[in-house]
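What follows is a short report on a single structure.
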Amino acid sequence: MKKIVLTGPESTGKSNLAKALSKHFKSPIVDEFAVEYLDMTHGRYDYKDLVKIAKGQIKKEDEVTENNNSNLIIIDTDLITIKIWSKVKYKKVNRWIMEAIRARNYDLYLLCKPDIPWEFSEYRENPNDRDRLFTFYEKELRRYKKNYITIEGLKQTRIENAIKAIDNLRDK
């Protein structure tokens, strides 16, 4: 099973792209657990909640992986996002999150570039520094030696670029 992770700063089209890819490839999707968690807490969280969110993300991913026999799974975010979120907001990262990042393996990361307009969502916090955050994502992906490709362009171009990247991976 190939695991594809969508990552990048907020409001870069990750969730919409994940849905489009899931539909195109007829593959299961692992939605971002943070949204579910923040719905339960009415948007309130603190540093210690990030480990709960990370564990919830892993649990969702493992459940989808175990309950499907698809050859491809689309994952809307991973723990690198939580690490960056923690560093930016709290200036520290829980050791458990760091260890879990090293323990998880994925076949391809689609790093979504902030070249589309920012859209409001009740849980988004960083409308003005997406370019700076994009640089953090690139550095983290390189630090962990992750296989990634940058996805850019408007809606249909973005989808086509992502499909091409996944097709290239599957052809290997």
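Bear in mind that the values in this text are calculations on the coordinates, not laboratory data. Please read all numbers here as calculations on a predicted model, not as lab measurements. Neighbour counts are summed over all protein chains in view; Cβ atoms, including those assigned to glycine, are modelled from backbone coordinates with ideal geometry.
Remark on Lys2: its backbone amide H falls under 5 Å from those of Leu72, Ile73, a criterion applied only to residues 5 or more positions apart or on other chains, H modelled at 1.01 Å from N. Residues whose amide H lies under 5 Å from that of Tyr148, counting only those 5 or more places away or on a different chain, are Tyr109; hydrogens are built 1.01 Å from N in the peptide plane. Does segment 2-171 come out rounded, prolate or oblate by the C-alpha gyration tensor, with a ≥ b ≥ c the root eigenvalues, rounded set by a/c under 1.5 and, if not, prolate when a/b is larger than b/c and oblate if not? Since a/c stays below 1.5, the shape of segment 2-171 is classed as rounded. Shown for Trp85, Trp96: other C-beta atoms within 10 Å of each C-beta, ranked fewest to most, produce the order Trp96, Trp85. Of the residues His42, Ile149, Ser70, the one whose Cα sits farthest towards the positive end of the charge dipole of the chain is Ile149 (charges of +1 on Lys and Arg Cβ, -1 on Asp and Glu Cβ, taken about the Cα centre).
May I ask which of Lys23/Lys89; Lys83/Lys145; Lys48/Lys113; Lys3/Lys48; Lys92/Lys145; Lys23/Lys52 have a Cα-Cα span longer than 26 Å here?
Where the Cα-Cα span goes over 26 Å, the pairs concerned are Lys23/Lys89; Lys48/Lys113; Lys3/Lys48; Lys23/Lys52.
Close amide H pairs (under 5 Å, H built 1.01 Å from N) link Val30 with Ile74, Ile75, Asp76, residues at least 5 positions away or on another chain.
Dipole size of the chain about its Cα centre, with +1 on Lys/Arg Cβ and -1 on Asp/Glu Cβ: approximately 640 debye, rounded to the nearest 20. Go ahead and estimate [θ] at 222 nm for the chain from helices alone: -39,500 (n - 2.57) per DSSP H run with n ≥ 4, summed, over the residue count, rounded to 500. The helix-only estimate for the chain comes to -16500 deg cm²/dmol at 222 nm. Fully extending the segment from Trp118 to Arg143, taken as 0.36 nm per residue of separation minus the present Cα-Cα distance, adds 6.3 nm.
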